[in-house]
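The values are calculated or read from the model by the stated rules, or taken from the named source; none is laboratory data. Just so it is clear, the structure is predicted and the values come from calculations on it, not from any experiment. Positions of Cβ are backbone-derived with ideal geometry, glycine not excepted, and every protein chain shown enters the neighbour counts.
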Amino acid sequence: MKTLRDVLHDADSRHVAVGHFNISEFAALNAAFAAARSLDLPLLIGVSEGERAFIGVRTAAAIIKSMREEYDYPIFLNADHTHSLEKAVEAAKAGFDEIIFDNSSLPLEENIKNTKEAVAAIRAIDPHIVIEGEIGYIGMNSEVMDAAPTGIALSTPEDAVRFCTETGVDVLAPAVGNMHGLLKTMVAGTAHKEIDIARIGAIKEAIVAQTGTAWMTLHGGSGTEDKLFTEAARAGMTIIHVSSELRLAWRRGVEQGLKDKPDEIAPYKILPPAVEGIQKIVTDRLRLFNGLQ
Ligand SMILES: [Zn+2]
């Protein structure tokens, strides 16, 4: 059975990206899993602090482990945007495959100090867990917004090298024009996120040369122009996150399901439009991340 490290190593060597999709209930989980299986591609499921509080931290870990074993399939679980040492330790003890320790809203100095501490604590619990850290700032909410969050800060190769060297993380999440959440103009299709592909390449080259760290994550993928996903993977992104688009598809699907069946009360008969909507997005995104036609 492949580990998450095997999967990331393989993706990195082929210049493609592993898809990471956030869930907070079964409709989205089933949709993402069906999409990945239809393409025979590995799947990384993410749960933020809020999402895992809703599902249950240990429950989430048990569900993904159970699916991995039952289907003999490379599906893994990430503790997305973990802001405290306490929550990182909780996820490590629960058996998560990856933990993102995110103190990127703090000055670089403090971010490095706290991330280093988290890396030591997680490794002491289970050295196999993949640990990701973040630099720069890309906003914090996976929501539909009127305007971009203030304080967006792009990452430099110098900061990336320093962060990776001093913290010892396995995966770096830099800010390269990506942003959490969606703007209303993006939902309407009149605007897209501008990913700085050259910056991805420069950061990747610098960290690989200086630290041997090879893996990078593109957060906030929702609302990105299709071709930029493929280019971002080719330039060095190993994992790409999509969340807000799935939340939007979930909501629209639930509304459609309720409208289609106004007297129905069985959730699994109401939810299929949500599952179909999410499955379509995950399938489309996975194709782009892997350069498939
Ligand atoms: Zn993120």
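Hey, which of the helices (runs of 4 or more DSSP H) in segment 1-65, taking only ones fully inside, have at least 3 residues that are farther than 28 Å from GLY253 by Cα and touching a residue at least 24 places away in the same chain (Cβ under 8 Å)?
Filter on segment 1-65 gives 4-14.
Looking at (1) over 16 Å from ALA17 (Cα atoms); (2) under 16 Å from the mean Cα position of the chain (by Cα), which is the only condition VAL208 fails?
Of (1) over 16 Å from ALA17 (Cα atoms); (2) under 16 Å from the mean Cα position of the chain (by Cα), only one is false for VAL208: (2).
I need a count of the residues in segment 126-141 that are over 15 Å from SER104 (Cβ atoms) and either within 13 Å of the ligand (Cβ to nearest atom) or among the β-branched types (Val, Ile, Thr) (or both). Steps first, answer last, please.
Quick first cut of segment 126-141, residues over 15 Å from SER104 (Cβ atoms) only: 126-130.
Next, from what is left, pick out any that are either within 13 Å of the ligand (Cβ to nearest atom) or among the β-branched types (Val, Ile, Thr) (or both): 129-130.
Of the residues in that region, 2 qualify.
Consider segment 258-280. How many of its residues are surrounded by fewer than 21 Cβ atoms within 10 Å (Cβ to Cβ), aliphatic (A, V, I, L, M) and part of a helix (DSSP H, G or I)?
The qualifying residues number 2.
State the number of residues belonging to segment 177-214 that are of a type in the set (A, V, I, L, M, F, W, C) and in contact with a Cys (Cβ under 8 Å, 6 or more places away or on another chain).
At the first step, the residues of segment 177-214 found to be of a type in the set (A, V, I, L, M, F, W, C) are 179, 182-183, 186-188, 191, 195, 197-198, 200, 202-203, 206-209, 214.
With the extra rule that they be in contact with a Cys (Cβ under 8 Å, 6 or more places away or on another chain), the set shrinks to 207.
Qualifying residue count for the region: 1.
Taking the conditions exactly as written (modelled with pLDDT of 95 or more, in contact with a helix residue (DSSP H, G or I) (Cβ under 7 Å, 6 or more places away or on another chain), of a type outside the set (Ser, Thr, Tyr) and crowded, with 23+ Cβ neighbours inside 10 Å), does GLY236 satisfy them or not?
Yes, satisfied.
Of the conditions (1) in contact with a Gly (Cβ under 6 Å, 6 or more places away or on another chain); (2) under 30 Å from SER38 (Cβ atoms); (3) not polar (S, T, N, Q), TYR73 fails just one. Which one is it?
(1)
All but one of (1) more than 24 Å from ASN114 (Cα to Cα); (2) assigned to a loop (DSSP other than H, G, I, E, B); (3) touching a helix residue (DSSP H, G or I) at 6+ places or on another chain (Cβ under 9 Å) hold for ALA148; state the number of the condition that does not hold.
(3)
Determine which member of the set ASN111, ASN103 is under 21 Å from the mean Cα position of the chain (by Cα), in a helix (DSSP H, G or I), modelled with pLDDT of 95 or more and not basic (Lys, Arg).
That would be ASN111, the only listed residue that is under 21 Å from the mean Cα position of the chain (by Cα), in a helix (DSSP H, G or I), modelled with pLDDT of 95 or more and not basic (Lys, Arg).
Within the set of pairs 6 or more residues apart or between chains, which connect a residue that is within 17 Å of VAL119 (Cβ to Cβ) and touching a residue at least 12 places away in the same chain (Cβ under 8 Å) inside segment 156-175 to a residue that is in a helix (DSSP H, G or I) and within 16 Å of the ligand (Cβ to nearest atom) with Cβ atoms less than 8 Å apart?
Taking only residues 6 or more apart or on different chains, the pairs are PHE163/ASN111; PHE163/THR115; THR167/THR115; VAL169/THR115.
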